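Student: I am attaching a structure below and will ask some questions about it afterwards.
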Amino acid sequence: MARTAPTCRPTSHDSTGSAYPPEQAGHPAALGQRQARPDTGETKGGRSRTVSIDSGTVQVLRDHRERQVTERLTVGPQWRGDSDDYVFTSAWGEPVHPDTVSSLMPVLINRHNERKRNDKAGKPLPAARLHDLRHIHATTLLRAGVPVHVAAARLGHADLSITLRVYAHVIGERLSEAAAIFARAIEAS
């Protein structure tokens with residue numbers, strides 16, 4: 001049986017029932033934080049979760065929302081979205097199928113690399129799948145020193161051992177750094 005990725009809708013968190021909750025970045029109810037609803041899908045573990053986002057991402061999502069409202073008004077009665085609006089939709093307001101997003105990755109990477117070639121600036125991005133962004137995110141967090149249990153919660157791993165197994169190479173790097181820190185502390189004492 002094939003499993004499809006959940007389609008997530010905005011979750012209301014504020015007292016007015018607004019689909020776009022309080023504007024505090026880092027607050028669990030910040031704009032752009034989404035939870036899968038039972039009617040639209042769940043995480044692989046069958047649960048929903050909230051993921052904190054930074055203020056820059058909040059602004060990107062606000063700007064996207066403004067463009068989406070403009071599109072909705074332009075399309076008029078042909079808009080196929082419902083009153084609870086999806087964050088990412090087709091030009092007609094329908095939810096975007098997860099395979100569509102996955103197939104856009106090579107297109108976006110090629111577009112980015114073409115601009116870089118024309119500007120003769122920076123290194124091109126390597127080929128990547130959408131799911132690779134998840135691994136890049138986790139690896140970046142762990143290399144930056146974010147505790148494993150925090151990264152595991154962000155990834156939605158129900159069991160810390162999953163994170164430890166999948167990202168053992170990164171954790172191994174951190175263990176080497178810990179040994180060097182310990183040695184410097186002993187020498188300084």
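Student: Give Glu42, Glu71, Glu66 a once-over and let me know the one that is at pLDDT below 90 and over 22 Å from Arg134 (Cα atoms).
Tutor: When all the criteria are applied, what remains is Glu71.
Student: Then there's this: If you take the residues of region 147-166 that are closer than 12 Å to His137 by Cβ and of a type in the set (A, V, I, L, M, F, W, C), which of them is surrounded by the fewest Cβ atoms within 10 Å (Cβ to Cβ)?
Tutor: The selected residue is Leu155.
Student: Every residue in region 116-146 that is farther than 30 Å from Ala168 by Cβ and either modelled with pLDDT of 95 or more or exposed (fewer than 12 other Cβ atoms within 10 Å of the Cβ) (or both), please.
Tutor: Hits for region 116-146 are Arg117, Asn118, Asp119, Lys120, Ala121, Gly122.
Student: Would you check if there is a residue in region 153-167 being farther than 20 Å from Gly45 by Cβ, in contact (Cβ under 8 Å) with a residue 12 or more places away in the chain and assigned to a helix (DSSP H, G or I)?
Tutor: no
Student: Part of a helix (DSSP H, G or I), surrounded by fewer than 13 Cβ atoms within 10 Å (Cβ to Cβ) and within 21 Å of the chain's Cα centre (by Cα) - does that describe any residue in region 84-95?
Tutor: No, region 84-95 contains no residue that is part of a helix (DSSP H, G or I), surrounded by fewer than 13 Cβ atoms within 10 Å (Cβ to Cβ) and within 21 Å of the chain's Cα centre (by Cα).
Student: Assess whether Gly56 counts as being surrounded by fewer than 11 Cβ atoms within 10 Å (Cβ to Cβ), part of a helix (DSSP H, G or I) and on the phi > 0 side of the Ramachandran plot.
Tutor: Against the criterion (surrounded by fewer than 11 Cβ atoms within 10 Å (Cβ to Cβ), part of a helix (DSSP H, G or I) and on the phi > 0 side of the Ramachandran plot), Gly56 does not qualify.
The values are calculated or read from the model by the stated rules, or taken from the named source; none is laboratory data. Since we're looking at a predicted model, the values are computed, not measured. Heads up, the Cβs are rebuilt from the backbone with ideal geometry, glycines too, and the neighbour counts pull from every protein chain shown.
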